[in-house]
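The values are calculated or read from the model by the stated rules, or taken from the named source; none is laboratory data. No experiment lies behind these values; they were computed from the predicted model shown. Here the Cβ positions follow ideal geometry from the backbone for every residue, glycine too, while neighbour counts run over all protein chains shown. Surface accessibility is based on the protein's heavy atoms, side chains included, excluding ligands, DNA and RNA. Shrake-Rupley method; radii C 1.70, N 1.55, O 1.52, S 1.80 Å.
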Amino acid sequence: MKHTIVHPDDIDSIWHEVEPLIKKTSDDLLNEKDIYSFLKDETYTLWIISDENNKIVTAITMTILKYPRDYACKIVTCGGDRMKEWLDDFLEKLELLAKERGCSYIDIDGRCGWSKVLKGFHVDYITLRKKI
């Protein structure tokens, strides 16, 4: 699998391919239109994962978060499939990129499903963090 960072000037040329993948990650607070705007203004960075036929199988967005004493590279959205084929290599490349950009952490938000314990409450997401 091929992992590629998409330059902001090239977003429009592949948006029709990645929009459906990004749309899968949309919710009430952040949808594909928001993500498109953040990609265009370089708040977010787009990674695409392509197969041997150059078909895009996954679209991932990330951003750099500044905390008072450090930086974290945060995966914001990840939509697609065939994760077992690309995840390990992608995480290696992401970790190198994060270090190059001065980050000491990688954060990933993920949905956790609904809670069976508290009636009327649900878990929207969890944050996984790795020190690098």
> When you go through (1) open to solvent by 70 Å² or more (accessible area, probe 1.4 Å); (2) part of a loop (DSSP other than H, G, I, E, B) one by one for residue 88, which number turns out not to apply?
Replying inline: (2)
> Just a yes or no: is a residue in segment 55-74 more than 23 Å from residue 129 (Cα to Cα) and open to solvent by 80 Å² or more (accessible area, probe 1.4 Å)?
Replying inline: yes
>> Can you find, within segment 1-36, the residue that is surrounded by the most Cβ atoms within 10 Å (Cβ to Cβ) among those that are touching a Lys or Arg at 6+ places or on another chain (Cβ under 7 Å) and farther than 20 Å from residue 85 by Cβ?
In response: 32
>> Can you tell me how many residues within segment 92-108 are open to solvent by 40 Å² or more (accessible area, probe 1.4 Å), in contact with a strand residue (DSSP E or B) (Cβ under 8 Å, 6 or more places away or on another chain) and in a helix (DSSP H, G or I)?
In response: 2
> Do we have residue 39 as open to solvent by less than 20 Å² (accessible area, probe 1.4 Å), in contact with a Pro (Cβ under 9 Å, 6 or more places away or on another chain), of a type in the set (A, V, I, L, M) and free of Cβ contacts under 8 Å to residues at least 60 places away in the same chain here?
Replying inline: yes
